[in-house]
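Step one of this worksheet: look at the structure below.
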């Protein structure tokens, strides 16, 4: 069996509830909720299938429910907290609502590159702290998964080679904290739901957004977003969550098998993410998107301005913790 990273086996085992849930997993008992369809571009689906494959080697069968068959993320999380669903791949905001510390992993320029971020996740101390909070929700964060390459700026108007080129552009923001980031960069942010993004560009409400290249490719936004600038503003992540009551109720042998399968799926996700990130920019160019790579000086300007609003992008009290882990995992 492979070494199991300490983030997979949190220090919550001492809190195991004697609720008589120990059982051998089978197709009916172990379900993995996935919101996306079974397509190659979906990191969650790949993770779930790798998890299922490894469990099968331990004679444990798992059912992967794709396309949101078990409900939207909030419903899946609610069912996991009750032990009705065992494992779910969800948006990281499902963790953020209980413990905003997780935002540090997405904070722009906290890490040098994607592999650095993965090392910080796998180091385990921050994930363990998050799990202390999730204990009250009867959830366990097994790990955070990668979904693609670096986050850059897409827009429909012009190439962005520096902060100054953003002047006059309006970018779609996820929330008010991202508005603060855009203001630090000298431009405007408008909070727009992702489902309304295309219409908002066509009507002139916004000119673009900040996202990994994979997002524009998946949603075919490259049909109208003509320009992409690799500003390296962090990396997108998803969360692999488990029902705490289910996990703590497993017998030792089954729990060890689940841990091994999680470690395997996590390792495969890291490899998949790094590989797909190398294909994203060529795919943009194939779709006639103008790709701009910034000079070191221009990138440093983006980085320094972003740092001034870190306290708005993540809980300020956790900045020192993330910086310490970032430094400890730097290579």
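The values are calculated or read from the model by the stated rules, or taken from the named source; none is laboratory data. Only a predicted model underlies this, so the values are computations on that prediction, with no experimental measurement involved. Please note: Cβ atoms are built from the backbone with ideal geometry, for glycine as well, and neighbour counts cover all protein chains shown.
Side notes on the structure shown:
- Residue match in region 14-37 (condition: assigned by TED's automatic domain parsing to the domain that holds residue 120, touching a helix residue (DSSP H, G or I) at 6+ places or on another chain (Cβ under 7 Å), closer than 21 Å to residue 271 by Cβ and modelled with pLDDT under 95): yes
- Residues being in a helix (DSSP H, G or I) and surrounded by 15 or more Cβ atoms within 10 Å (Cβ to Cβ) - total across region 312-331: 8
- From the list 195, 184, 213, the lone residue that is in contact with a helix residue (DSSP H, G or I) (Cβ under 7 Å, 6 or more places away or on another chain) and more than 16 Å from residue 292 (Cβ to Cβ) is 184.
- Residue in region 192-206 that is in contact (Cβ under 8 Å) with a residue 40 or more places away in the chain, on the phi < 0 side of the Ramachandran plot and not in a helix (DSSP H, G or I) present: no
- A search for C-beta distances below 9 Å between a residue of region 225-253 that is free of Cβ contacts under 8 Å to residues at least 40 places away in the same chain and any residue that is outside any helix (DSSP H, G or I), counting only pairs 6+ apart in sequence or on different chains, returns 253/24; 253/58.
- All of 292, 308 fail the test of being touching a strand residue (DSSP E or B) at 6+ places or on another chain (Cβ under 6 Å) and closer than 27 Å to residue 185 by Cα, apart from 292.
- Apart from one condition, residue 178 fits all of (1) modelled with pLDDT of 95 or more; (2) closer than 15 Å to residue 302 by Cα; (3) assigned to a helix (DSSP H, G or I); the exception is (1).
- Among (1) under 16 Å from residue 323 (Cα atoms); (2) surrounded by fewer than 19 Cβ atoms within 10 Å (Cβ to Cβ); (3) touching a helix residue (DSSP H, G or I) at 6+ places or on another chain (Cβ under 6 Å) - the single one residue 102 does not satisfy: (2)
- Counting only residues that are part of a loop (DSSP other than H, G, I, E, B) and touching a residue at least 60 places away in the same chain (Cβ under 8 Å), region 156-173 holds 7 of them.
- So residue 152, is it in contact with a helix residue (DSSP H, G or I) (Cβ under 7 Å, 6 or more places away or on another chain), without any contact (Cβ under 8 Å) to a residue 24 or more places away in the chain, farther than 29 Å from residue 51 by Cα and not in a loop (DSSP other than H, G, I, E, B): no
- Residue ID - surrounded by the most Cβ atoms within 10 Å (Cβ to Cβ), chosen from residues in region 72-96 that are at pLDDT below 95 and either assigned to a loop (DSSP other than H, G, I, E, B) or in the same structural domain as residue 321 (by TED's automatic domain parsing) (or both): 92
- Among the residues of region 239-275, the ones that are surrounded by 22 or more Cβ atoms within 10 Å (Cβ to Cβ) and within 28 Å of residue 301 (Cα to Cα) come to 1 in all.
- Elements of type helices (runs of 4 or more DSSP H) contained in region 211-310, each with 1 or more residues being over 22 Å from the mean Cα position of the chain (by Cα) and farther than 30 Å from residue 78 by Cα: 252-286, 296-307
- Residue 144 vs. criteria in contact with a strand residue (DSSP E or B) (Cβ under 8 Å, 6 or more places away or on another chain), touching a residue at least 24 places away in the same chain (Cβ under 8 Å) and in a loop (DSSP other than H, G, I, E, B): no
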